[in-house]
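J.: Dropping a structure here in structure tokens format, bear with me for questions.
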Amino acid sequence: MDSGDWESGIRARIEQGDAFLNADDFERAAELYREAIQLIPAPAHEHEVSLEAFTALGEACFFAGHFTQALHCFRMALKSPNGTANPLVHLRLGQTRFEIGDFHHAAESLLYAYALEGRDLFRGEDDKYFSYLSKFLDR
């Protein structure tokens, strides 16, 4: 099977998951994202599509309040091609770390997200994250 075949199946599941995520059905979205990840040939984090898949699953877990699972997903997204350059991954990783009480690492991730994308990345997010980050920007 060539990469186009398995990649189209992955992208289809991600798109279906996105529809459920946008409808706030985080559990169903997570199921579809997990299906997508299972279709990625091992080692999954070496394929470009893994960034999108792990980030999407991380968001579904985050919004569902499953922060430990979200943390794992965002760490995998960072290992994916272009993961370290993705501001959304750093933002969500920082928010997840904040929610589990790992404030030191939350600050690092949020600062990295801010450095990559600036204040605009935080628009539409809960104000508590940027308020926390602001303590470190004033230094």
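J.: Hey, can you tell me all the residues within the range 73-101 that are among the basic types (Lys, Arg) and buried (at least 23 other Cβ atoms within 10 Å of the Cβ)? Let's see the steps before the verdict.
T.: We begin by selecting, within the range 73-101, every residue among the basic types (Lys, Arg); these are 75, 79, 92, 97.
ARG92, the sole residue that qualifies.
J.: Is it the case that the range 29-41 has a residue that's without any contact (Cβ under 8 Å) to a residue 40 or more places away in the chain and over 22 Å from HIS66 (Cβ atoms)?
T.: Taking the range 29-41 first, the residues without any contact (Cβ under 8 Å) to a residue 40 or more places away in the chain are 29-41.
Now narrow it down to the ones that are over 22 Å from HIS66 (Cβ atoms): 41.
Yes, the range 29-41 contains at least one residue that is without any contact (Cβ under 8 Å) to a residue 40 or more places away in the chain and over 22 Å from HIS66 (Cβ atoms).
J.: Let me ask you something else. Which of the following residues is within 15 Å of the chain's Cα centre (by Cα), hydrophobic (A, V, I, L, M, F, W, C), within 26 Å of ASP126 (Cβ to Cβ) and surrounded by fewer than 18 Cβ atoms within 10 Å (Cβ to Cβ): ALA64, ALA60, ALA53, ALA70? Break it down into steps so the answer makes sense when it comes.
T.: Details: ALA60 fails: surrounded by fewer than 18 Cβ atoms within 10 Å (Cβ to Cβ); ALA53 fails: surrounded by fewer than 18 Cβ atoms within 10 Å (Cβ to Cβ); ALA70 fails: surrounded by fewer than 18 Cβ atoms within 10 Å (Cβ to Cβ).
The conditions single out ALA64.
J.: Working only within the range 71-101, note down all residues that are over 21 Å from GLY118 (Cα atoms) and in the same structural domain as LEU116 (by TED's automatic domain parsing).
T.: Taking the range 71-101 and keeping what is over 21 Å from GLY118 (Cα atoms), we get 71-73, 75-76, 79-81, 99-101.
Result: GLU99, ILE100, GLY101.
J.: What are the residues in the range 71-86 that are part of a loop (DSSP other than H, G, I, E, B) and within 17 Å of ARG34 (Cα to Cα), if any? Break it down into steps so the answer makes sense when it comes.
T.: Of all residues in the range 71-86, those part of a loop (DSSP other than H, G, I, E, B) come to 80-82, 86.
Of everything in the range 71-86, just one residue is part of a loop (DSSP other than H, G, I, E, B) and within 17 Å of ARG34 (Cα to Cα), namely SER80.
J.: What number goes with the only condition from (1) in contact with a Phe, Trp or Tyr (Cβ under 9 Å, 6 or more places away or on another chain); (2) not in a helix (DSSP H, G or I) that GLU27 does not pass?
T.: (2)
J.: Please verify whether LEU110 is crowded, with 17+ Cβ neighbours inside 10 Å and under 12 Å from the mean Cα position of the chain (by Cα), treating the condition exactly as stated.
T.: On the way: crowded, with 17+ Cβ neighbours inside 10 Å: yes; under 12 Å from the mean Cα position of the chain (by Cα): no.
Against the criterion (crowded, with 17+ Cβ neighbours inside 10 Å and under 12 Å from the mean Cα position of the chain (by Cα)), LEU110 does not qualify.
The values are calculated or read from the model by the stated rules, or taken from the named source; none is laboratory data. Keep in mind that this is a model prediction, so the values were computed, not measured. Neighbour counts run over all protein chains shown; Cβ positions are idealised from the backbone, glycine included.
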